[in-house]
Amino acid sequence: MHSKVVTTGCLIAAAVILANEMTNVLGIEDPRDEAGYYDKLRREKWQTIRRVGNVDVVEDDSGRTLGLCHLVNLNAFTDSEGAIRPVEYDHSASALLAMHHFNTGDGSIVPAFDGINQRCDVRFTTEVIDTGSSEFTSLRRLADVVARKDSKEAAVIRPCAILGNSLSASSILTAPLSSVQGLPQLSWFSSSSDLNDRRVNSHFARVILSTDVVSQLGVRYLVDVVGYTHC
C-alpha cells in the first residue's frame, strides 16, 4: 500500500513540477498560472466558500468570483497483484495537464483552451485515487468521497465530478452511486454495454464506444467492405 501511495504522489508531484517549469520557461509571472494555485486558494479561503450545486464559489486574490470544480480521479494504477499499469499513468498525467491548461488558458495543445480562463469563471482542482483494479475498492473509495459533508475543516473537499474508472467492472458499480449523488462521472475506457442503462447511470458518460456498437460496426465492415454474405 505504501508503494502505491508513493507512486501516485510522485505522479502528481512530477506533473506539478512540469507545469511550474513550463510557467518559468514562458516567463509567466501571474501566480494564478502556477500549478496548485487554486488548491492553495481553497485552503486559504475555505471559511468564505459558498457551495452552489457541485461547485465551490470563492473570490481569488484579484477579487474575481470563481467556481472551483474538484475532480476526483479514480485510476487503476496497479493490478490485482500490485503490478504497475503504465497506461493509467498516461491517462492521469494527461488529465492533470489538461486541467492546468484549462485553468491558465493555454491553447498550445487544445486550441479551444486559448484564453478560456478569461471567458469562463470555472477552475479545476483534483485528487488522484488508486483503486488497485478492484471493483470493491473503487466503490469503497467513491463512497468515502461522496460521504464528505460541509465541515469546519479546510481539508474536507467535496467533489464536483468523477473521472474514471477505466475498467468496466468498476464503473458498473460506481456509475449508479455517482448518478444518485448528482455527480457526473466520465470514463475514457469503460466500454461495457451494461453502462448504457440511463435509468441507473443517468450521470455517466464516456469517450469510447460501447461494446455493442463496436460489434455492430464490425459486422457492418465485414458485410459492406469485405463483402461477406454469411458466417
- Report Ile49's accessible area, 1.4 Å probe, all protein chains in place, as a number in Å² to the nearest 10. 40
- Note on the structure: The answer for the net charge of residues other than Ala169 whose Cβ lies under 11 angstrom from its Cβ, with Lys and Arg +1 and Asp and Glu -1, is -2
- Separation between the Ala143 and Cys120 pseudo-spin-labels, each 7 Å from Cα along Cα→Cβ, expressed in nm? 3.4
- Charge dipole of region 135-231 about the Cα centre (unit charges at C-beta), most positive-ward option of Leu177, Tyr221, Ala205: Leu177
- Item | Solvent-accessible ranking of Leu186, Leu167, largest area first, probe 1.4 Å | Leu186, Leu167
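Give the ranking of Thr229, Thr104, Thr78 by solvent-accessible surface, highest area first, calculated with a 1.4 Å probe. All intermediate terms of the calculation are to be shown ahead of the outcome.
On the way: Thr229 125, Thr104 25, Thr78 5 Å².
Result, largest first: Thr229, Thr104, Thr78.
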- Task: Mind giving me the nanometre distance, one decimal, between the label points for Val223 and Glu81, set 7 Å out from Cα along Cα→Cβ?
- Result: 4.2
- region 129-231: trypsin sites (Lys or Arg not before Pro) in DSSP coil with no more than 16 other Cβ atoms inside 10 Å: Arg148, Lys149, Lys152, Arg198, Arg199
- Query: Looking at region 56-143, which chymotrypsin sites (Phe, Trp or Tyr not before Pro) are in a loop (DSSP not H, G, I, E or B) and have at most 10 other Cβ atoms within 10 Å?
  - Reply: none
- Would you check the accessible area of His91, probe 1.4 Å, heavy atoms only, in square angstrom rounded to 10? 60
- Message: Need the full-extension length gain, His230 to Leu209, defined as separation in residues times 0.36 nm minus the C-alpha distance. One decimal, nm.
- Response: 5.0 nm
- Once both labels are modelled 7 Å past Cα along the beta-carbon direction, what's the Arg43-Arg198 spacing in nm? 4.2
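The values are calculated or read from the model by the stated rules, or taken from the named source; none is laboratory data. Given the structure is predicted, the values throughout are model-derived calculations rather than measurements. Ideal geometry is used to build each Cβ from the backbone, glycine not excepted, and the neighbour counts take in all protein chains shown. Note: areas computed on protein heavy atoms with side chains; ligands, DNA, RNA excluded. Shrake-Rupley method; radii C 1.70, N 1.55, O 1.52, S 1.80 Å.
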